[in-house]
Every structure is written in C-alpha cells, then in structure tokens.
1. Is it true that residue 213 is outside the structural domain of residue 66 (by TED's automatic domain parsing), among the acidic types (Asp, Glu), buried (at least 17 other Cβ atoms within 10 Å of the Cβ) and under 19 Å from residue 163 (Cβ atoms)?
2. Cβ-Cβ under 7 Å, sequence separation 6+ or interchain: first residue in segment 142-169 and under 20 Å from residue 195 (Cα atoms) and buried (at least 16 other Cβ atoms within 10 Å of the Cβ), partner among the β-branched types (Val, Ile, Thr) and modelled with pLDDT under 90. Which pairs?
3. Specify which of the listed residues (172, 181) is buried (at least 16 other Cβ atoms within 10 Å of the Cβ) and modelled with pLDDT of 90 or more.
4. Out of (1) over 23 Å from the mean Cα position of the chain (by Cα); (2) under 17 Å from residue 116 (Cβ atoms); (3) in a loop (DSSP other than H, G, I, E, B), the odd one out for residue 168 is which?
5. Report every pair of residues separated by at least 6 positions or lying on different chains whose Cβ atoms are under 9 Å apart, first residue within segment 187-201 and under 23 Å from residue 122 (Cβ atoms), second assigned to a helix (DSSP H, G or I) and of a type in the set (Val, Ile, Thr).
6. Could you list, in sequence order, the residues of segment 117-140 that are part of a loop (DSSP other than H, G, I, E, B) and either surrounded by 18 or more Cβ atoms within 10 Å (Cβ to Cβ) or touching a Lys or Arg at 6+ places or on another chain (Cβ under 9 Å) (or both)?
7. Quick check on my filter: what residues within segment 141-159 are in a loop (DSSP other than H, G, I, E, B) and either at pLDDT 85 or above or in contact with a Phe, Trp or Tyr (Cβ under 6 Å, 6 or more places away or on another chain) (or both)?
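The values are calculated or read from the model by the stated rules, or taken from the named source; none is laboratory data. Just so it is clear, the model here is predicted, and its values are computed rather than measured. Virtual Cβ from ideal backbone geometry, glycine too; neighbours counted across all protein chains shown.
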Amino acid sequence: MKVREYTNYRIRDMALSERPREKLAKFGAADLSNAELLAILLRVGIEGENAVQLATNLLLEFGGLRGLYHTPFSKLCQRRGIGPAKAAQLMAALELGRKFSMVEKAVQAVHSPQDVYDLMGDALSLLEQEEMWILYLDVRNQIIEKEMMYRGTANSASIRVGELFKGAVRNNANGIILIHNHPSGDPSPSGEDIALTKSAMQAGKLLDIEVVDHVVIGRGIFKSIKGII
C-alpha cells in the first residue's frame, strides 16, 4: 500500500492546503487519502505522531481498511492513541461505509450473477457472519426492494423456505434472487445451500414467483447455484 510521507509535526503546523479538513472542504472527500480521512475522525494525534501519521500507522499495522474493519473493538482500544471513544468512531464510520456501499451500488435491473455481485459483493465479503439477503424483482428484473432475511453464525445460515416469499408477496414481486455470503471466502455452495435453493424453486412455482438465482458471495469471487443444479 502506497502511503504519503509526513514529517513529524502537528496538523496545525501544516500548510492550509495540506490539512485534511481544509482539503476536504475545498476539494471534497474523494480527493483525500484513506489516512487523511481517518485523521479527520481521529482529530488529534499523539506525542511524536500527528493525526495523519497516526492514521497511516494504523492502516499499516492492521492491514488497511479491511483489517481495521475486522479488528475487535477491545484490541483497537488498546492501541496507543486510540482508546474507547476513537475506536467507536472508527468502527462506526467503517460500518456506515459498508452499509452505504450496498445502497450506492444499486443497479436498475439484475440480469446476471455478476450484476448481483456488483451490487452486494463488496459489502457481504467483509462480514464474519453469514447473512441471507433477498432481491425482489418486477417483471423486467428491476429491483423493487432488497431485504436482509437472516444473520447467522460463521458456519451456517438456516431459514424456513416460507419466510423467503413473504416479502415477495408484500411487494407483488415477479421474482426473487437469494444472496448469502461465506465468511470463509470460498463461495462453493454447501449441500444445505443447494437443498434450500431447490426447495425455494419448488415453492416459487406454486406461488408463481420465480427464484431467478441464488448467489453465494466469497472473497472477491461468487458462485451461482442455479447455474449448477
């Protein structure tokens, strides 16, 4: 990871054009590095490190934003210069970013498993627990709504088939797409995943609601169950 180098001085000793908050106000948040964005949350550094240096070292120590996201709260609190208040701010900001990405990447219509991954992959691949989501689709495969149905353990996510269609009926959906993640990073469907998909497809035929697909999200990769059964 390429990081900017900062000499050992306080933020207020920087030129105005280099201070993170002033840069954000003038150029927008997208112009700032990850370290500068974290520095705004941290507000102040510690002896020997200004806020940007502290943020840069956090990214290096914990393995970037992904590593920070997965770091336990208690461990982050123990890091010199952080403590409970700053740890809470960092974790809240990272979780907001994860949730916002699921809204920001919404597509007008879903035509392939790749579209599903583009919509949900980044956010679900970060999780350490399984989550089951459903996309409700109209007759043109446009997304009416998406809903989280279940949050399970790191190893399993069991759900009643009937529960999958309540939201579809409520939204008058023509079809649904099931999505869940494998925290292990391997999206290969389990026997339970395949059995659930088959049961859902059978129930969908009775309700005249098509199960368009069931997509399993791994780390940077995905699998379409309907494509293999």
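1. yes
2. Final answer for the pair search is 149/159; 150/159.
3. Just a single option satisfies the conditions, and that option is 181.
4. (3)
5. Between residues of segment 187-201 that are under 23 Å from residue 122 (Cβ atoms) and residues that are assigned to a helix (DSSP H, G or I) and of a type in the set (Val, Ile, Thr), the close pairs are 189/197.
6. 125, 126, 127, 129, 130
7. 141, 157, 159
Per-residue answers, yes or no, for (1) outside the structural domain of residue 125 (by TED's automatic domain parsing); (2) part of a helix (DSSP H, G or I); (3) modelled with pLDDT under 90; (4) touching a helix residue (DSSP H, G or I) at 6+ places or on another chain (Cβ under 8 Å):
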site: 23; (1), (2), (3), (4): yes, yes, yes, yes
site: 80; (1), (2), (3), (4): yes, no, no, no
site: 84; (1), (2), (3), (4): yes, yes, no, yes
site: 87; (1), (2), (3), (4): yes, yes, no, yes
site: 91; (1), (2), (3), (4): yes, yes, no, yes
